[in-house]
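Written below as structure tokens is the structure these notes are about.
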Amino acid sequence: MIEQSGQFKQLGHSPWLEPILGLLGTKDTPQWGQKEKAMLRTLASHGVWPKQRLKDMGYSTDGLCVCGDIDTIAHRAFECPVTREFRETYGLSSALSEARQQQPQLQMWADALAPSPFLEMPPPSLEPRLTWNPRLEANFVGIGFGDGSGIHGASKDTLRCGWAVVSSQFLEGAITITAELSGLCVGPLQEVNFAELDALYQYLCYATPYDNEYIYYSDSSFVVNGWRKGQQVSCSSWAIYCNLWQQVFSKAQDLGIETIRVYKVKAHRSIKTSLNMYDSLKILANRRADVLCKEAAAKHFANKVWYDKLKCQKQLIVENAKFLARVLCAHIDKFPREDLERIPPGPRVVPDASLDKVGKHDFRALSRGGFRCILCLASSSEGKATSKCMQNVLELGHRIWTTGAVHFCAVCGAYSFGRLGLLMKPCPSKANTHHLIRARRRLHAGLHPVTGEELALPEPSYPEFSPTQEDLCAAGPSLEDLGDFFEEELEQELCEQLGLV
């Protein structure tokens with residue numbers, strides 16, 4: 001749908017909203033507050049109306065900026081002498097300036113939106129990879145320490161996670177690592193808390209008792225608190241990762257839940273802060289688990305060169321978005337928008353459509369069987385009239401096209417299979433409901449107006465009375481380029497994601 005739109009064609013499969021939503025979620029500062037955030041929402045949802053856009057939509061304006069050039073968003077931000085002082089004070093980076101010089105045609109200079117790059121990124125691994133340290137035990141002897149971590153975290157779509165479990169105990173008065181197991185998170189769900197919980201599950205799968213108990217340490221409050229809440233809460237359908245929690249408690253029941261102890265350990269501590277030998281064991285084992293889970297996360301099919309490029313691209317989008325929002329706020333403060341009147345369209349001329357046939361039906365055969373009069377659209381099973389043809393739909397302003405099975409107005413979208421319905425009423429000169437907009441779009445494409453099934457391509461019943469370009473512009477999407485309709489749908493979707501509705 002987006003690819004067929006003219007204005008959004010450069011966005012490809014979808015816009016990259018994460019940088020925009022990240023800016024909208026930041027704390028307010030004197031340079032970036034509610035005013036700038038509101039402008040960014042308006043900008044990304046195509047709610048800014050420079051004079052050229054107002055002129056194109058029929059408002060009484062010459063479409064020129066106060067400087068005399070054509071008034072567009074890109075002109076206001078990057079070219080207008082009125083905002084030159086702001087640009088020089090803001091201090092655009094060389095990377096942003098070079099990017100605009102190299103690709104001035106990009107849509108992001110006008111609405112801060114860029115195409116999503118994640119289709120090019122290799123997906124997360126789908127094969128579980130468990131790696132034991134071959135020099136140590138193949139099960140956990142002693143106290144268990146689990147950890148989860150992620151790499152490439154500039155975006156939630158680039159994050160790749162792994163987990164690790166280390167067991168340690170005192171042997172002959174010294175701290176000894178007895179087993180090491182690591183693996184990567186499998187599938188599209190790549191989150192650090194999920195990796196932390198996966199580490200607990202893996203520990204329970206290979207744990208052996210230590211003084212008749214199973215002792216496990218985690219630096220994740222999510223894991224420790226979830227375990228303390230118990231099976232009834234953590235395994236409910238409302239809980240996060242309830243499926244994995246169910247597996248965890250299933251393993252725990254096999255071992256004996258009353259013998260399992262899950263404790264919290266503080267992460268990233270220095271050995272210098274150790275209080276005693278037992279505390280030193282927790283610090284060293286947790287540090288080793290942290291190293292192993294990062295090594296496991298790196299085993300995903302990730303390309304660091306591509307990731308670094310994406311990170312730079314995200315920074316560029318953020319800088320451009322902040323600049324556009326701030327410079328447009330400054331421009332509007334200096335030159336508030338004028339109240340303009342919309343120039344009403346001229347009267348619509350309905351041609352004489354009598355064709356000397358009113359009073360007598362002109363039945364045509366339908367592809368699905370039966371007949372229909374092309375003047376009043378009355379249907380007949382045998383092509384015989386039981387009454388006179390009293391009305392011509394062209395006199396009501398409709399421009400009738402047909403797919404063989406369906407007759408419809410190319411201007412307002414009213415259609416008929418049997419009963420005439422809206423086609424018996426004057427044409428309102430535009431599709432005035434969402435259903436009629438969608439039906440009109442589908443019928444022009446040769447599709448069923450409701451189910452979307454493929455029909456024959458439509459043809460005008462009277463080519464000489466086909467809609468003019470002015471009629472179609474007033475009605476909405478054109479026959480050749482339906483981009484306006486797609487833009488309306490995408491703008492509505494963007495407004496919902498940006499919190500404007």
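Structure data summary
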item	result
Cα-centred dipole magnitude for the range 127-285, charges only on beta-carbon of K, R (+1) and D, E (-1), debye, nearest 20	400 debye
Probe 1.4 Å, all protein chains present, accessible-area order of Phe78, Phe170, largest first	Phe170, Phe78
Average accessible surface area per residue within the range 80-174, 1.4 Å rolling probe, Å²	50 Å²
Computed label-point distance, nm, for sites Ser380 and Lys311 using a 7 Å Cα→Cβ extension	7.7 nm
Linear extension gain, Asp56 paired with Ser270, 0.36 nm per residue minus alpha-carbon span	70.5 nm
Fully extended contour minus Cα-Cα distance, from Asn193 to Asn133, at 0.36 nm per residue	19.2 nm
His434 paired with Ser14, simple spin-label distance in nm, labels 7 Å along Cα-to-beta-carbon	1.9 nm
Summed residue charge, Cβ within 13 Å of Arg228's Cβ, Lys/Arg positive, Asp/Glu negative	+3
Other-chain or far-sequence residues with amide H under 5 Å of Ala378's (modelled H)	Cys373
The range 304-333 versus the range 244-290: alpha-carbon centroid distance in Å	42 Å
Spin-label pair Ala38/Phe118, simplified geometry with 7 Å Cα→Cβ offset, distance in nm	3.1 nm
Difference of contour (0.36 nm per residue) and Cα-Cα distance, Val450 to Phe301	49.3 nm
Pairs from Lys35/Lys430; Lys27/Lys304; Lys27/Lys299; Lys156/Lys294; Lys27/Lys229 whose Cα-Cα separation, in the structure shown, is over 25 Å	Lys35/Lys430; Lys27/Lys304; Lys27/Lys299; Lys27/Lys229
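The values are calculated or read from the model by the stated rules, or taken from the named source; none is laboratory data. Since this is a predicted model, take the numbers as computed values, not measurements. Glycine also receives a Cβ, built like all others from the backbone with ideal geometry; neighbour counts cover every protein chain displayed. All accessible areas refer to the heavy atoms of the entire protein, side chains included, with ligands and DNA or RNA removed. Shrake-Rupley method; radii C 1.70, N 1.55, O 1.52, S 1.80 Å.
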